[in-house]
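Reviewing the structure listed below.
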Amino acid sequence: MAKKVIIVKKPAEEGPHDPGLPPWMATFADMVTLLLCFFVLLLSFAEQDVQKFRDVLGSLRDAFGVAVVRTKSSELALETTSSTEVNSAPTSTSEQILNGVVVRIRSILEKTPELKRASGVRVDREGVLLDVQSGALFDPGSATLSPEAKQALDAVILVLKEYPLNLVVRGHTDDRPVSTGRYPSNWELSAARAANALAYILEVGGIPVNRVKAVGYAHTRPVASNATPEGRLKNQRVEFHFHQPEKDQW
């Protein structure tokens with residue numbers, strides 16, 4: 001019987017591995033780098049409209065009721081007619097216009113001390129607010145313009161002619177009831193005061209109707225306590241809100 005011979009071959013020894021990363025990883029890294037460069041180029045070609053972004057952000061904030069707290073550097077500071085604080089340089093055309101309006105109003109008020117004592121100016125990102133005590137414009141319980149009202153209203157007209165802004169006239173009262181044959185409540189009185197002030201601005205200033213509005217708030221938006229005579233005096237006011245045309249603020 002023949003014997004079977006089994007030959008066992010020794011496996012060939014593998015050569016030494018190449019040092020470094022696998023070859024496929026270099027190709028992958030090149031592809032990722034090219035994609036990164038592609039998206040950077042897309043971003044650089046895109047037109048960035050900061051104002052539109054802010055408008056969209058504001059719309060979302062108003063829709064969801066988000067309260068935004070801004071630092072002083074991102075918002076114009078509170079201004080009064082007696083303020084001596086110097087604001088930092090405006091960072092946009094809109095802020096430049098608003099700062100110019102504040103300076104212009106203050107220069108006008110400086111020439112009329114009586115009006116200066118009965119008014120104030122404050123600004124925000126939406127516009128400039130000039131508020132005048134009702135006593136400087138109307139007699140108590142009346143919506144008829146007094147002779148002294150011409151000074152304040154002529155100042156408003158001057159600003160509207162010099163700056164491309166729209167205007168909202170807001171009438172306010174204190175919380176004491178008013179009941180006369182002509183004005184059954186503070187709603188009618190505040191609305192009539194705002195409307196009569198606006199009528200003067202339209203008639204004398206020749207301002208286009210589509211740039212102005214009037215509204216009465218009665219006693220619903222006090223700026224001080226109605227428990228004291230001083231507080232009631234502050235709440236009896238007419239506000240002139242100058243704002244950019246695209247910001248239709250009441």
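The values are calculated or read from the model by the stated rules, or taken from the named source; none is laboratory data. Keep in mind that what you see is a predicted model, and the values were worked out from it rather than measured. Glycine gets a Cβ as well: all are built from the backbone with ideal geometry, and neighbour counts include every protein chain shown. Heavy atoms of the whole protein, side chains included, go into the accessibility calculation; ligands, DNA and RNA do not. Shrake-Rupley method; radii C 1.70, N 1.55, O 1.52, S 1.80 Å.
In table form, for the structure just shown:
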{"read-out": "Subset of segment 155-198 (residues that are open to solvent by 30 Å² or more (accessible area, probe 1.4 Å), farther than 16 Å from S134 by Cα and not in a loop (DSSP other than H, G, I, E, B))", "value": "L158, K161, E162"}
{"read-out": "Selection status of L115, modelled with pLDDT of 90 or more and open to solvent by less than 80 Å² (accessible area, probe 1.4 Å)", "value": "no"}
{"read-out": "Search result, residues across segment 220-250 that are part of a helix (DSSP H, G or I) and open to solvent by 60 Å² or more (accessible area, probe 1.4 Å)", "value": "P229, E230, L233, K234"}
{"read-out": "Residues (surrounded by fewer than 22 Cβ atoms within 10 Å (Cβ to Cβ), closer than 23 Å to S107 by Cβ and touching a Leu at 6+ places or on another chain (Cβ under 8 Å)) located in segment 128-152", "value": "Q133, A136, E148, A149, Q151"}
{"read-out": "Segment 199-214 - residue that is touching a helix residue (DSSP H, G or I) at 6+ places or on another chain (Cβ under 9 Å) and of a type in the set (G, A, S) and, of those, surrounded by the most Cβ atoms within 10 Å (Cβ to Cβ)", "value": "A214"}
{"read-out": "Complete set of residues in segment 209-222 that are in contact (Cβ under 8 Å) with a residue 40 or more places away in the chain and of a type outside the set (D, E, K, R)", "value": "V212, A214, V215, G216, Y217, A218, H219, P222"}
{"read-out": "Yes/no for Y217 being crowded, with 18+ Cβ neighbours inside 10 Å and over 23 Å from the mean Cα position of the chain (by Cα)", "value": "no"}
{"read-out": "Of the criteria (1) touching a residue at least 24 places away in the same chain (Cβ under 8 Å); (2) within 26 Å of the chain's Cα centre (by Cα), which one N226 fails", "value": "(2)"}
